[in-house]
Each structure stands twice: as structure tokens, then as C-alpha cells.
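The values are calculated or read from the model by the stated rules, or taken from the named source; none is laboratory data. Owing to the predicted nature of the structure, the values given are computational and were not obtained by experimental measurement. Cβ placement follows ideal geometry from the backbone for every residue including glycine, while neighbour counts extend to all protein chains displayed.
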Amino acid sequence: MSGYDRHDFYCIKCGNKGIPVQRRINHKHGKHHRKKLWCPYCKEEINHVECRNDEEVQEFLENFAAGVYKEEVEASLSYIKKENAIWS
Ligand SMILES: [Zn+2]
């Protein structure tokens, strides 16, 4: 055992799997923990949902298909729009 586990992060905007992150196994979070990461598909920083097993991945994909994350995407991006507005 390496003491590390691979956790997959899925982008809430495009639903693609993000860049894999390694973290210690004993670092506990609740289910579907959010983390702001660079999405290579959206080409911006956006919340990703942490999935620790196939079940959670399946759940994320179902939520994503149902549009559960749409409002969160808006909220996640709104502050960036405000920042941009200062300069426009
Ligand atoms: Zn994305």
C-alpha cells in the first residue's frame, strides 16, 4: 500500500474528468467534495466534484445529466464576470 489513493475530479460545467489529484487516504471529506481546479476542456478554473469510487462517479454523471450543477456553475463564474467588468 502506498498510503495514497487516487481521487477523480469531474468538472461541473462540462462533466469531463479533470486532472487526477493524489491525496492521502486518511484525509476525509464528505461525499462529492468541491474543489476549484483548472478544467482543460472549459479552459477556466471551475468547481470540480470529487469522486472516490465508481458509485460516486455514476451519481455525479446522473446529476450532471439532470442539470443539477447549472446554478452552481453560474455562481462559480459570476465573481469572475464581476472582476472582468471592472476592466471593461
Ligand atoms: Zn469543464
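Residue by residue through the range 52-71, note down the ones that are loosely packed, with under 11 Cβ neighbours inside 10 Å and farther than 20 Å from H7 by Cβ.
Of everything in the range 52-71, those that are loosely packed, with under 11 Cβ neighbours inside 10 Å and farther than 20 Å from H7 by Cβ turn out to be A65, A66, G67, E71.
Please enumerate the residues belonging to the range 33-47 that are near the ligand (Cβ under 8 Å from one of its atoms) and under 8 Å from the mean Cα position of the chain (by Cα).
Correct list: I46 only.
Filter the range 29-51 down to the residues that are part of a strand (DSSP E or B) and not basic (K, R) and list them by number. Walk me through how you get there before you give the answer.
Start the filter on the range 29-51 by keeping residues that are part of a strand (DSSP E or B), which leaves 34-39, 44-51.
If the condition is that a residue be part of a strand (DSSP E or B) and not basic (K, R), then L37, W38, C39, E44, E45, I46, N47, H48, V49, E50, C51 are the ones that fit.
I need the full set of residues from the range 72-84 which are within 16 Å of the ligand (Cβ to nearest atom) and either at pLDDT 95 or above or surrounded by fewer than 15 Cβ atoms within 10 Å (Cβ to Cβ) (or both), in order please. Step through it out loud before you land on a result.
The first filter runs over the range 72-84 and keeps only residues within 16 Å of the ligand (Cβ to nearest atom), leaving 72-77, 80.
Within the range 72-84, E74, A75, I80 meet the criteria.
I'd like the residue in the range 40-74 that is free of Cβ contacts under 8 Å to residues at least 12 places away in the same chain and of a type in the set (K, R) and, out of all such residues, is farthest from G15 (Cα to Cα).
K43
Among the residues of the range 35-51, how many are buried (at least 16 other Cβ atoms within 10 Å of the Cβ), out of contact with any Gly (no Cβ under 8 Å at 6 or more places or on another chain) and not hydrophobic (A, V, I, L, M, F, W, C)?
2
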